[in-house]
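Just so it is clear, none of the values below were taken in a lab; they were calculated from the coordinates. Computed from a predicted model, the values in this text were never measured in an experiment. Backbone-built Cβ (ideal geometry, glycine too); neighbour counts: all protein chains shown.
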């Protein structure tokens, strides 16, 4: 996944996915996407995982966006003033974002609106 962060006060992150690549997000964050992006809403792990997310203050449902038939694009805009930061995760580079911060993840990369 490639991405670019644009804007200052009300930023947007535009993500470019390769064909077949997926992105998992919480509901309500997507602003626009290319026509070849497929969106599915799921509990992503069954009812147990959904209730676990609910009790921890997250959304019960998650959206899975998949680029079909070639490269796709999806954008997430901030609904309040702030900044968007990207955090690389991996062995020895993990962390937990603060609750209620919208984050998107794809292939070992998390993008959060701060």
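With the simple spin-label model, which puts each label point 7 Å out from Cα in the Cβ direction, the residue 31 to residue 44 separation comes to 2.1 nm.
Can you work out the FRET efficiency for the pair residue 5 and residue 68, with r the C-beta to C-beta distance and R0 = 25 Å, to the nearest 0.05?
Taking R0 as 25 Å, the efficiency between residue 5 and residue 68 is 0.50.
Ranking of 17, 10 by neighbouring Cβ atoms within 10 Å, starting from the fewest: 10, 17.
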